[in-house]
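To start, the structure under review is shown below, and the notes come after it.
The values are calculated or read from the model by the stated rules, or taken from the named source; none is laboratory data. Because the structure is predicted, anything quoted here is derived from the model rather than measured. Methodologically, a virtual Cβ is constructed for each residue, glycine included, from the backbone with ideal geometry; neighbour enumeration extends over all protein chains shown. Heavy atoms of the whole protein, side chains included, go into the accessibility calculation; ligands, DNA and RNA do not. Shrake-Rupley method; radii C 1.70, N 1.55, O 1.52, S 1.80 Å.
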Amino acid sequence: MKGSVISVLVVLVVLDRLASGLEHRSYDYTKYHPMDEISTWMNQMERENPDVVSSMVYGQTYEKRNITLLKIGFKNTTPKKAVWMDCGIHAREWIAPAFCQYFVKEILGSYKTDSNVNTLFKNLDFYITPVLNIDGYIYSWRDNTTRLWRKSRTAGTENCRCFGTDLNRNFPAYWGMVGISRNCCSDVYNGPTAVSEPETKAVTDFLGAHQNEMLCYLTIHSPSQMILVPYGVPNISAPNYDELMEVGLAAAKAISAVHGKSYKVGTPPDVLYATSGSSRDFARFIGIPYSFGLELRDKEKYHFILPQNQIQPSCEEAYQGAMSIINYIHDKNFKSAAVSQTVDNCDCLMDLECKCDDFKPLY
């Protein structure tokens, strides 16, 4: 009788854990997931981590699906500085949403034991959109004939029956200048006007409302193994171009240290082809100081059809690259400011012979 009671209790505990989503280890981060599974996973992350995770709907797609982000970080009564990351702006680049999920898993799995990630959670909020182009992503899962779909799913016009706009050519930063097509059947069709697409408007509205908080914009793409910095149009450079290159090169070095993969760093005219109207350029255009586009594996063999056995190593290396960028930005904005403030409070004014007994470095 006692053994039967214990067995029943064990079954009830297991069922309760399954119902509450606590069996999160069953989620396979080494496979690509369709949108319904990603949405369920997002709900699960919020449910399992209520102290540091919340969700926010900040727009709708053309087909009226909610565009949702995860906000990650310790809660604060006042706005914090923030890092933005979006994945899946191009539907066929499945490794990008896989990376966003991996990134969330890693930071949530380490902030309680890793003092560095814990400090990031204290000082920064992370706004992460696992799939931005939801309509296109769902369409790319329909069958083999749609697997390489890139654009959104906006309906065609009277003059052109082709569907979709390249969302990464639709932002109001040098819109329509280079690297686009006015043929609505083209993969790089930039839309009838800048910000014509609801997905683009959702991002521009959100960033515009939070631009004073945003320190970093990361948009994840594939393939080609590159770290792109603004701007994508020739002969125009970001005001902090040299620093962006320095940070990007350090990130490429961190990536290479994991599995030996090399990533090029630069602006599109230098490393690939000119582009205009990209989200990366828009973020820097409105004053977000650090804006990068990470183009993940690979660059020669598989292109958009990256095998599932490369998801984990690709995510492992990209994670180190992203964290290299984030840590640099955090340290520049918080560690140096904290030391300066502490010294000022001691009236030392960076005097090397300062003997202030109250001086205690915060980091």
Can you give me the span-like helices of the chain, meaning DSSP H runs with 20 Å or more of Cα extent along the axis and Kyte-Doolittle mean at or above 0.0? 2-20, 95-110, 241-259
How large is the charge dipole for the range 14-141, taken about the Cα centre, if only the Cβ atoms of Lys, Arg (+1) and Asp, Glu (-1) carry charge, to the nearest 20 debye? 340 debye
Determine the percent antiparallel among the DSSP beta bridges restricted to the range 80-221, to the nearest 5. 5 percent
So, with +1 on the Cβ of K and R and -1 on the Cβ of D and E, and no other charges, what is the size of the charge dipole of the chain about its Cα centre, to the nearest 20 debye? 900 debye
Among GluC sites (Glu not before Pro) in the range 158-235, those in a DSSP loop whose Cβ has at most 13 other Cβ atoms within 10 Å are GLU158
Taking the chain and dividing mean pair separation by its residue count, relative contact order in percent (alpha carbons under 8 Å, at least six apart): 16 percent
Under the rule rounded for a/c under 1.5, else prolate if a/b exceeds b/c, else oblate, using alpha carbon gyration tensor axes a ≥ b ≥ c, the range 47-99 is classed as prolate
Taking only protein heavy atoms and a 1.4 Å probe, what accessible area per residue, in Å², does the chain have with all protein chains in place? 46 Å²
For LYS301 and SER110, extending 7 Å from Cα along the Cα-Cβ vector and measuring point to point gives, in nm, a value of 2.7 nm
At HIS210 and ASN235, where each label point lies 7 Å from the Cα along Cα→Cβ, what is the point-to-point distance in nanometres? 3.7 nm
Charge sum, other residues only, whose C-beta stays under 10 Å from THR61's C-beta, Lys/Arg counted +1 and Asp/Glu -1: -1
Could you tell me, in Å, what Rg and Dmax come out for the Cα atoms of the range 223-314? 13.6, 40
Mind ranking 75-81, 62-68 by how tightly packed they are, going by the mean number of other C-beta atoms within 10 angstrom, highest first? 62-68, 75-81
Using r as the Cβ-Cβ distance of ASN66 and SER26, and R0 as 22 Å, what FRET efficiency do you calculate, to the nearest 0.05? 0.30
DSSP beta bridges in the chain: the antiparallel percent, rounded to 5, is 40 percent
Eligible lysines near LYS122 by straight Cα distance, threshold 29 Å, same-chain separation 8 or greater: LYS71, LYS75, LYS80, LYS81, LYS105, LYS112, LYS253, LYS332, LYS335, LYS360
Accessible area of the range 112-159 with a 1.4 Å probe: how many percent of it is carbon plus sulfur? 47 percent
